[in-house]
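Worksheet for the structure shown next.
Each reported figure results from applying straightforward, stated rules to the coordinates on display, with no laboratory input. Model, not experiment: these values are computed from the prediction. Here Cβ is always computed from backbone atoms with ideal geometry, including for glycine, and neighbour counts include all displayed protein chains.
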Amino acid sequence: MIIRKIRPEEFKRCQQLCALAFEYPMKDADLSPEAALDKIRQNPLSMQDVHWDSQWAAFGDDDATMLATLTVIPWRARFDGCDVPMGGIGGVASLPQYRRGGAIRRCVEAALRDLHDSGTLLSYLYPFSTAFYRKFGYELGCDWTRWRLKLSGMPTLSVAGRWQLSEPDRPLTDAIRAVNRAREARYNCMVLSGDTEYLYLREDPFVTKHYTYVYYDAQDRPRAHLTAVPEGGALRCPRFVFSDREGFCGLLALLMRLSADHSHATLCLPTDVDLRGVLPEWSFGNVERAVEQRGMVRAVNVEGLLRVARARGEGSLRVAVADPLLPENDGCFEVAFAPGRPNAVRRVADSPDIALTIQDFSRLIVGCCDAADPDWLPDVQLNCAPERAAQLFYRKPTFISQYF
């Protein structure tokens, strides 16, 4: 089996494998391989299109028969106040006759090696199986809360601002980008949106029925935006983004203006958003909420993450990590930290204060859980007080909105 990045003439074959694996009709199936690639080069519609040549594939010994493929998208993401490189794994597909033969495993291993060697710190993916990807060091990452709000039960809010619909001849890209930046700055794992993430604003809402509005405050500053999609007498909001409480109230007031024709609105928010202060009635089915898993995260460069991690207080911690796939991450690291100065990290041979698998390290360093509560971390070995370990490994705001 041969593992390598694809060549230009193999791009269409990757598209075919994905169409088969995810069971969707392939677009432009009649185009030649050269024309298919030329089309996305001239008019890329996603980060996958922009980075078409970042796809890995497994081939038979003839180096011609493609068995499986996956894409590694080079994103920038937030981590503890920094922008760091993150490899987003997507488009994982293989032909049925070659499944369970190790092709995807070999591609993932090659991709992780390449990510580490290129200086990437994190990787993220949306798994078909969490157990499968745990084998490669990934662990449960961000959550989000799915809210279903009965519009007739929502409070009547008076806001001082205004709303504007984004239209192709007057897209509100700058305003939406400004609101997104405020959210991106707050959450670990939040992908920094590039130009391709705003291409949806080119679409005609009167054709697609995807209506995007921006809420501006009394000083005409953008504070929030949403996309509302009518579905079966209700509204689905795939984008519902606000910079503060006023922005949220502005969007909720807009939804109330649509309540005559729509019974409910569904939106997904970061788990740290607490709506109890703005939604007075929770009985009678007015509010439904469910926390949902939102992908898996992996530390690609342990030392790099420890250097930029935001610690609490002053001190030091010896952290031992076991990573069977990337030996550079394997070993014990001493981290010295204090407010106002960069972390100092060095390898040591001393006994660790905390010993973790790469899976638990990934989840803890990002902030999805807290070392101060070790009862729910059965594979973590603590040789110090939990409060001391929690100076480095503590719960932080995490969220990710992009799919890839």
### Message
Can you give me the distance in nm between label points at residue 39 and residue 282, each placed 7 Å from the Cα along the Cα-to-Cβ direction?
### Response
5.0 nm
### Message
Order 359-366, 153-160, 71-78 from most to least packed using the mean count of other Cβ atoms within 10 Å.
### Response
359-366, 71-78, 153-160
### Message
On a full-extension model of 0.36 nm per residue, what is the gain between residue 231 and residue 129, subtracting their alpha-carbon distance, rounded to one decimal in nm?
### Response
33.8 nm
## Note on the structure
Connecting every pair of Cα atoms under 10 Å apart in the chain and solving the GNM, the largest mean-square fluctuation among 394, 24, 216 falls on 24
### Query
Dipole magnitude of segment 1-160 about its Cα centre, charges +1 at Lys/Arg Cβ and -1 at Asp/Glu Cβ only, in debye to the nearest 20?
640 debye
#### Entry: Environment charge of residue 237, counting only residues whose C-beta is closer than 12 Å and scoring Lys/Arg +1, Asp/Glu -1
+3
### Message
Among 128, 361, 161, whose Cα projects farthest towards the positive end of the dipole of the chain, with charges put on the beta-carbon of Lys, Arg (+1) and Asp, Glu (-1)?
### Response
161
### Task
At most 12 other Cβ atoms within 10 Å and a DSSP loop assignment: could you name the GluC sites (Glu not before Pro) in segment 177-281 that fit?
281
#### Entry: Approximate spin-label separation residue 61-residue 383, in nm, with each point projected 7 Å along Cα-to-Cβ
4.8 nm
## Note on the structure
dims of segment 145-295, Cα set, principal axes, largest to smallest, nearest Å -> 42, 35, 33
### Task
Go ahead and run the numbers for FRET between residue 274 and residue 221, Cβ-Cβ distance against an R0 of 22 Å, rounding to 0.05.
0.40
### Message
Quick check on segment 2-125: what are the equivalent-ellipsoid semi-axes from the Cα gyration tensor, as sqrt(5λ), descending, whole Å?
### Response
24, 19, 12
### Query
On average, how much area does the Cα convex hull of the chain cover when viewed from any direction, in nm²?
22.9 nm²
## Note on the structure
So the number of lysine pairs in the chain with alpha-carbon atoms under 28 angstrom apart, 8 or more residues apart or on different chains, is 10
### Message
If you take every residue apart from residue 339 with its C-beta less than 15 Å away from the C-beta of residue 339, what net charge results, scoring Lys and Arg +1 and Asp and Glu -1?
### Response
+1
#### Entry: Magnitude of the charge dipole, the chain, Cβ model with Lys/Arg +1 and Asp/Glu -1, debye to 20
500 debye
### Query
Residue farthest toward the positive end of the dipole of segment 20-153, with Cβ of Lys/Arg at +1 and Asp/Glu at -1: which of 97, 77, 40?
77
### Query
In the neighborhood of residue 136, defined by Cβ-to-Cβ distances under 13 Å, what is the net charge if each Lys or Arg adds +1 and each Asp or Glu adds -1?
+3
### Query
In terms of the Cα gyration tensor, with a ≥ b ≥ c the square roots of its eigenvalues, is segment 302-389 rounded because a/c is under 1.5, prolate because a/b exceeds b/c, or oblate?
rounded
### Query
Using the membrane-span-like helix rule (whole DSSP H runs, Cα extent along the own axis of at least 15 Å, mean Kyte-Doolittle hydropathy at least 0.0), which helices of the chain qualify?
11-22, 245-257
